[in-house]
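**Q** Right, I'll just put the structure down here and ask away after.
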Amino acid sequence: MSRVLVLNCGSSSVKYRLYDGDEVRDNGTVERIGEPGGGPADHETAVRQILAGLDLTGLTAVGHRVVHGGTRFGEPVRIDEAVLAAIRDLVPLAPLHNPPNLAGIEV
């Protein structure tokens with residue numbers, strides 16, 4: 001069986017789901033990130049809190065939804081430095097979403 005963690009870092013939330021094959025082992029949402037009186041101060045902290053609470057034994061992959069890949073990305077890609085740079089370049093197309101997406105990927 002393959003264990004896969006899927007992350008979706010939005011502008012003020014992080015949603016996650018941990019799969020073990022076809023079975024969902026864990027899932028949840030951290031909301032109001034960076035808001036006064038809300039959740040964690042930033043997306044990095046939120047993702048680190050999520051990871052600390054999960055059993056990642058045997059994890060084989062991590063998937064992350066990115067809001068805007070422009071014309072450069074029309075299908076899933078493996079993340080490397082060039083892909084990170086391209087997502088950074090595309091921040092003006094999704095200024096509320098791509099920075100949190102990058103934070104989630106980098107953690």
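The values are calculated or read from the model by the stated rules, or taken from the named source; none is laboratory data. Quick caveat: nothing in here was measured; it's all calculated off a predicted structure. Positions of Cβ are generated from backbone atoms using ideal geometry, with glycine treated the same way; all protein chains shown enter the neighbour counts. Just the protein is used for accessible areas: all its heavy atoms, side chains included, with ligands, DNA and RNA removed. Shrake-Rupley method; radii C 1.70, N 1.55, O 1.52, S 1.80 Å.
**Q** Under 6 Å between Cβ atoms, at least 6 apart or on separate chains: pull out the pairs that start in the stretch 8-21 with a residue that is at positive phi and end on any residue that is open to solvent by 40 Å² or more (accessible area, probe 1.4 Å) and not in a strand (DSSP E or B).
**A** Final answer for the pair search is Gly21/Met1.
**Q** Something else now. Is it true that some residue in the stretch 81-100 is closer than 19 Å to Leu5 by Cβ, open to solvent by 50 Å² or more (accessible area, probe 1.4 Å) and of a type outside the set (Val, Ile, Thr)?
**A** The answer is no; no qualifying residue exists.
**Q** Inside the stretch 2-25, can you point out the residues that are open to solvent by 50 Å² or more (accessible area, probe 1.4 Å) and out of contact with any helix residue (DSSP H, G or I) (no Cβ under 9 Å at 6 or more places or on another chain)? Spell out the reasoning first.
**A** Just the residues of the stretch 2-25 that are open to solvent by 50 Å² or more (accessible area, probe 1.4 Å), to begin with: 2, 6, 11, 15, 17, 19, 22-25.
Residues satisfying the conditions are Ser2, Val6, Lys15, Arg17, Tyr19, Asp22, Glu23, Val24, Arg25.
**Q** Here's something else I'd like to know. Every residue in the stretch 32-55 that is β-branched (Val, Ile, Thr) and either in contact with a Leu (Cβ under 9 Å, 6 or more places away or on another chain) or on the phi > 0 side of the Ramachandran plot (or both), please.
**A** Answer for the stretch 32-55, where residues must be β-branched (Val, Ile, Thr) and either in contact with a Leu (Cβ under 9 Å, 6 or more places away or on another chain) or on the phi > 0 side of the Ramachandran plot (or both): Val47, Ile50.
**Q** Sort through Val62, Val67, Val47 and tell me the only one that's surrounded by 13 or more Cβ atoms within 10 Å (Cβ to Cβ) and at pLDDT below 95.
**A** Details: Val62 fails: at pLDDT below 95; Val47 fails: at pLDDT below 95.
Residue meeting the stated conditions: Val67.
**Q** Still on this structure, please answer the following. For the stretch 45-91, enumerate the residues that are of a type in the set (S, T, N, Q) and under 19 Å from Val24 (Cβ atoms). Can you show your working first?
**A** Here is the first cut: in the stretch 45-91, the ones of a type in the set (S, T, N, Q) are 45, 49, 57, 60, 71.
Matches in the stretch 45-91: Thr57, Thr60.
**Q** Return the residues of the stretch 26-40 that are at pLDDT 95 or above and either open to solvent by 80 Å² or more (accessible area, probe 1.4 Å) or under 12 Å from the mean Cα position of the chain (by Cα) (or both); say none if nothing qualifies.
**A** Within the stretch 26-40, Asn27, Thr29, Val30, Glu31, Arg32 qualify.
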